[in-house]
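Here's the structure, in structure tokens; my notes come after.
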Amino acid sequence: MISITNLHAGYGAIGVLFGINLQVARGECLALIGANGAGKSTLFNVLSGLLSAREGEMLFDGHTLMGLTPAAVVKRGL
């Protein structure tokens with residue numbers, strides 16, 4: 001299960017994600033849609049460890065993803 005609580009992220013001084021909350025249960029399918037510049041890629045970059053979150057919490061199967069490298073995120077099975 002992926003659980004995201006109050007996630008904030010961005011690039012330099014520019015904020016992109018502001019207080020994202022999301023839960024995806026095991027076996028569930030999710031489609032993330034939105035306009036260009038809405039933050040879809042930023043969310044996936046933060047989940048995968050390519051970009052650091054400024055604030056909030058991300059859990060995968062009960063373990064934090066915050067501060068992990070992309071390799072460590074993959075090792076966790078995401």
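Taking amide H as placed 1.01 Å from N in the peptide plane, Met66 has its amide H under 5 Å from the amide H of Met58, each at least 5 places away in sequence or on another chain. Between Glu28 and Leu50, the distance separating the two model label sites (each 7 Å from Cα on the Cα→Cβ line) works out to 2.4 nm. Looking at segment 1-66, the GluC sites (Glu not before Pro) that sit in a DSSP loop and have at most 11 other Cβ atoms within 10 Å of their own Cβ are Glu28. Note: relative contact order over the chain, using C-alpha pairs below 8 Å and six or more positions apart, is 34 percent. Solvent-accessible surface of protein heavy atoms, probed at 1.4 angstrom with all chains present, puts Ile20, Ile2, Ile33 in the order Ile33, Ile20, Ile2, largest first.
Whole-Hz Karplus values for segment 15-24 come out as x, 10, 10, 10, x, 6, 10, 7, 9, 10 Hz, taken residue by residue from phi with 6.51 cos²θ - 1.76 cosθ + 1.60 and θ = phi - 60°; glycine and proline positions read x.
Just one of (i) 13.2; (ii) 14.5; (iii) 12.8 is Kirkwood radius over Cα pairs in Å as worked out from the coordinates here. Which one is it? After the calculation, the listed value that fits is (iii).
The charge dipole of the chain, taken about the Cα centre with unit charges on the Cβ atoms of Lys, Arg (+1) and Asp, Glu (-1), comes to about 160 debye, rounded to the nearest 20. Here the accessible area of segment 1-57 is 57 percent carbon and sulfur, with a 1.4 angstrom probe and all protein chains present. The 3J(HN,Hα) values that the Karplus relation (6.51, -1.76, 1.60; θ = phi - 60°) gives for segment 68-78 are, in residue order, 7, 6, x, 5, 5, 5, 5, 4, 6, x, 8 Hz. Gly and Pro appear as x. Among the trypsin sites (Lys or Arg not before Pro) within segment 1-76, those in coil by DSSP and having at most 14 neighbouring Cβ atoms inside 10 Å are Arg26, Arg54.
The values are calculated or read from the model by the stated rules, or taken from the named source; none is laboratory data. Given the structure is predicted, the values throughout are model-derived calculations rather than measurements. Every residue, glycine as well, gets a Cβ built from its backbone with ideal geometry; the counts of neighbours run over all protein chains shown. Remember, those area values only see protein heavy atoms, side chains included, never the ligands or the DNA or RNA. Shrake-Rupley method; radii C 1.70, N 1.55, O 1.52, S 1.80 Å.
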